[in-house]
Amino acid sequence: MDFYGTIGPACAQPAILQHMVEAGMTGIRMNLSHGPLAAHTDWLAMIRAAGIRQLLIDLQGPELRIGTLAEPVALVEGSSVRLGADGVPCPAALIQAAAPGQQLLLDDGKLLVQVTQALPEALVCTVVRGGTLQSRKSIAAPGLAVPSPTLTEEDLQNLKIAKQCGVTGVMLPFVRGKADILALRHALEEAGAADIRIFAKIENMTGVRALPEFIHLVDEVVIARGDLGNAMPLWELPRCQKQLSAACRAAGVPFMVVTQMLDSMCTRAVPTRAEVSDIYNAVLDGAASVMLTGETAAGQYPMQAMEYLVRTAQTALA
């Protein structure tokens, strides 16, 4: 079984990475939504020095994100916020597609706004669930199809140098069907990196429904519960996870479970009982790998979080 962390400011130190490896970490993810592969030569050197053999890059793909902010924006419940020109930067395709009444979930659903006015270059929204909005956070638009390419120009540049950087796997967000996987496969072949493994992230209902058409074209399916949990009432997410797990088992295709596995450990040294039960059950369901994201990238206890992840999973395997 594989155990992945995510590299970020909290763990990008040689000693910390080494401790995470000693705790049982077998691979690490680099989220390229926050910067290109070429800008992380220091992280790549640390990963190699720590003896981490598996490096996954998480592409931007057809994912929607807030742009770069000069400083965090406080969204107050009941207030108005402008997305687009003269406001919070967001993809132009979203502005063109959204209509009044559309709900937008920001930062994995921590914040919620509703479109009240659609202008040619901006969306005027009312804040339904407030909080602090940071740069490059995710946007989910439930029920809305937003046209976007499988791979961005930045993705293609990252793929060109992936092999020389030691990348062993590519995670494609928001897979919508067979065409997305074939596009990524073609780009890898063009880059001379056909041996790099493909990890298909299931993050919306389009991906859930399309899974049978592409499941045999990928090396591993990723049940990415962050945005997937925005695509349905949250109480339905466990059932969806179980159904996806069963489909992967039936097809003989490995799958990964990810997102908020030890979320409380971003600020606490010990996880909740529910979190360790979640890991245990994911392993019993047949997960080939489990991954930590914010817990190791930005949390206060990256080493301890990896230890709890590995030990809990190993207990389930015993």
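Here the relative contact order of region 73-140, from alpha carbon pairs under 8 Å that lie six or more residues apart, stands at 40 percent.
Straight Cα distances below 27 angstrom link Lys160 to the lysines Lys137, Lys178, Lys201, with same-chain residues fewer than 8 positions distant left out. When the Debye formula is applied to the Cα atoms of region 128-256, each taken as the same point scatterer, what base-10 log of I(q)/I(0) results at q = 0.10, 0.13, 0.16 Å⁻¹? For region 128-256, the Cα-only Debye profile gives -0.35, -0.58, -0.86. Scanning the chain for GluC sites (Glu not before Pro) in DSSP loops with at most 16 neighbouring Cβ atoms within 10 Å leaves 122-318 as the longest stretch between them. From helices alone, the chain scores -10000 deg cm²/dmol at 222 nm; the rule is -39500 (n - 2.57) for each run of n ≥ 4 DSSP H residues, then divide by the residue total.
Basic side chains Lys and Arg get +1 at the Cβ, acidic Asp and Glu get -1 at the Cβ, and with that the dipole of the chain about its Cα centre reaches some 380 debye.
Among Leu211, Leu234, Leu156, which one moves the most in a GNM of the chain with springs linking Cα atoms closer than 10 Å? Maximum among the listed residues: Leu234.
Rounded to the nearest 20 debye, the dipole magnitude of region 73-140 is 120 debye, with +1 charges on Lys and Arg beta carbons, -1 on Asp and Glu beta carbons, and the Cα centre as origin.
Rank Met256, Met205, Met171 by mean-square fluctuation in a GNM of the chain with C-alpha springs under 10 angstrom and give only the top-ranked residue. In the Gaussian network model the winner is Met205. Once C-alpha pairs closer than 8 Å and six or more residues apart are averaged by separation and normalised to the residue number of the chain, the relative contact order reads 19 percent. Each residue, Ala246 and Leu156, gets one label point 7 Å from its Cα in the Cβ direction; the gap between the two is 4.2 nm.
Label positions at Ala45 and Ser135, each projected 7 Å from the Cα along the C-beta direction, are separated by 2.3 nm. Of the listed values (i) 70, 41, 34; (ii) 102, 36, 32; (iii) 54, 45, 41, grab the one calculated as Cα extents along the principal axes in Å from the structure here. Answer by label: (iii). Since only Leu123, Leu133, Val88 are under comparison, the one whose Cα sits farthest along the positive direction of the charge dipole of region 73-140, derived from C-beta charges on Lys, Arg, Asp and Glu, is Leu133. Considering only Thr168, Thr272, Thr206, the mean-square fluctuation computed in a Gaussian network model of the chain, springs between alpha carbons under 10 angstrom, is largest for Thr272.
Comparing Met30, Leu188, Ala224 along the charge dipole axis of the chain, the residue lying farthest to the positive side is Ala224, per the Cβ-charge model. Qualifying trypsin sites (Lys or Arg not before Pro) in region 76-136, where qualification requires a DSSP coil assignment and no more than 16 other C-beta atoms within 10 Å, comprise Lys110, Arg136.
Every number in this text was worked out from the coordinates using simple rules, so none of it is lab data. Predicted model only: the values in this text are computed from it and were never measured. As a convention, Cβ positions derive from the backbone with ideal geometry for all residues, glycine included, and neighbour counts pool all protein chains shown.
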